[in-house]
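Visitor: Here it is: the structure, laid out below.
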Amino acid sequence: MKLEEILQDPTAVFDSPSDVLEAKELTREEKIDVLHQWEDDAKLLQIAEGEGMEARGNSAAETLQEVLAALKSLGSESGAD
């Protein structure tokens, strides 16, 4: 799968942020890009949950914490707030 497709919806390809870390086909920079996209998506879901939308699976806050931990393990900071 191409990076552009993964960036459209990381959850369609990976079950968890830790799976991104284990992806042999992605470079460190690509993993960071994927995790930053996942972070942005989780932040949007967090807003939606705050407005009453129900979460599917993990809450957006839990997912965001997993993404931030994965980014930290790659030596990267969180994306734009």
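Visitor: Calculate for the chain the 222 nm mean residue ellipticity that helices alone would give, adding -39,500 (n - 2.57) per DSSP H run of length 4 or more and normalising by residue count, nearest 500 deg cm²/dmol. Provide the component values of the computation, followed by the final result.
Guide: Values: 4 runs with 49 residues, N = 81.
Using -39500 (n - 2.57) per qualifying helix, the result is -19000 deg cm²/dmol.
Visitor: Please give me, ordered by residue number, the GluC sites (Glu not before Pro) of the chain that lie in loop per DSSP and have at most 15 other Cβ atoms within 10 Å. If you can, show how the numbers build up before the last one.
Guide: Working: sites: GLU4, GLU5, GLU22, GLU25, GLU29, GLU30, GLU39, GLU49, GLU51, GLU54, GLU62, GLU66, GLU77; in loops: GLU25, GLU51, GLU54, GLU77.
Passing sites in the chain are GLU25, GLU51, GLU54, GLU77.
Visitor: Against the longest alpha carbon principal axis of the chain, how many degrees, from 0 to 90 and to the nearest 10, is the axis of helix 60-73 turned?
Guide: For 60-73 against the chain, the angle is about 20 degrees.
Visitor: Of MET1, TRP38, LEU26, which is farthest along the charge dipole of the chain in the positive direction, counting Lys and Arg as +1 and Asp and Glu as -1 at C-beta?
Guide: LEU26
Visitor: Take the chain, compute every pairwise Cα distance, and split them into 5 Å bins from 0; I just need the percent in each bin.
Guide: Percent of pairs per bin, in order: 3, 16, 29, 25, 17, 7, 3, 0.
Visitor: Let me ask something additional. For the chain, take the longest principal axis of its alpha carbons; what is the angle in degrees between that and the long axis of helix 28-50, to the nearest 10 within 0 to 90?
Guide: 0 degrees
Visitor: Which lysines does LYS24 reach when only Cα atoms under 17 Å apart count, and residues fewer than 8 places away in its own chain are ignored?
Guide: LYS2
Visitor: Given contacts defined as C-alpha pairs under 8 Å and at least six residues apart, what's the relative contact order of the chain, whole-number percent? Let's see the in-between values first.
Guide: Numbers: 62 pairs, mean separation 26.9, N = 81.
Worked out over the chain, it gives 33 percent.
Visitor: Oh, and also: Calculate, for the chain, the solvent-accessible area per residue in square angstrom, rolling a 1.4 angstrom probe over the heavy atoms of the protein chains. Before the final figure, lay out the partial values.
Guide: Working: 5330 Å² over 81 residues.
On a per-residue basis, 66 Å².
The values are calculated or read from the model by the stated rules, or taken from the named source; none is laboratory data. Since this is a predicted model, take the numbers as computed values, not measurements. Note that each Cβ is placed from the backbone with ideal geometry, even for glycine, and that neighbours are counted across all protein chains shown. Each accessible area value is taken on the protein alone, full model and side chains, heavy atoms only, with ligands, DNA and RNA left out. Shrake-Rupley method; radii C 1.70, N 1.55, O 1.52, S 1.80 Å.
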